[in-house]
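The structure appears right after this line, and notes come after that.
The values are calculated or read from the model by the stated rules, or taken from the named source; none is laboratory data. Keep in mind that this is a model prediction, so the values were computed, not measured. Every residue, glycine as well, gets a Cβ built from its backbone with ideal geometry; the counts of neighbours run over all protein chains shown.
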Amino acid sequence: MAQTPPPPPPAEAKTTADAYVKAAGASDQFEIQSSQIALQKTQNPAVRKFADMLIKHHQKTTAATVKAAQKAGLTPPPPALDPAAQPSIAELQSASAADFDRIYLAQQVPAHQAALDLHQSYAANGDKAPLKTSARAAVPIVKQHIAAAQKLSAGKGMGNMSGM
């Protein structure tokens with residue numbers, strides 16, 4: 001069963017405040033919603049711990065992005081899942097218990113790599129200073145998530161998640 005990663009953010013999100021705020025919010029919403037499904041479906045305590053961490057961290061990065069957008073003089077819309085990410089969510093909802101963890105983790109790595117590219121690019125080339133600062137602050141969080149997802153994926157048994 002192939003896993004469907006959510007689509008990467010649009011190119012203009014790497015430099016333009018409004019597009020960045022929308023893309024960052026959509027990215028966070030994917031992480032939150034996919035991780036809420038993981039909390040319902042996974043039988044693995046390590047995956048449950050990872051999903052719980054993602055929900056907490058991405059709620060914080062969403063709040064930080066909204067606050068930075070307001071500081072930059074923008075009125076950000078409420079964060080919303082990109083409709084193009086819906087197939088990824090549907091795939092998680094319909095995944096069997098046996099396949100769920102593998103599919104969930106296989107989505108998380110490319111989703112976080114796209115988020116990392118978004119935040120690093122906006123931090124370097126963005127058009128609003130408060131959002132550049134917020135993007136810069138998100139980078140180490142996203143890197144931590146990529147490392148954790150890769151470690152979980154590589155672990156196969158996923159029993160050892162020390163350091164999280």
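So which residues in the range 116-139 are under 14 Å from the mean Cα position of the chain (by Cα) and in contact (Cβ under 8 Å) with a residue 60 or more places away in the chain? Passing the criteria: ASP117, LEU118, HIS119, ALA135, ALA138.
So is ALA124 small (Gly, Ala, Ser), surrounded by 14 or more Cβ atoms within 10 Å (Cβ to Cβ) and at pLDDT 95 or above or not?
Against the criterion (small (Gly, Ala, Ser), surrounded by 14 or more Cβ atoms within 10 Å (Cβ to Cβ) and at pLDDT 95 or above), ALA124 does not qualify.
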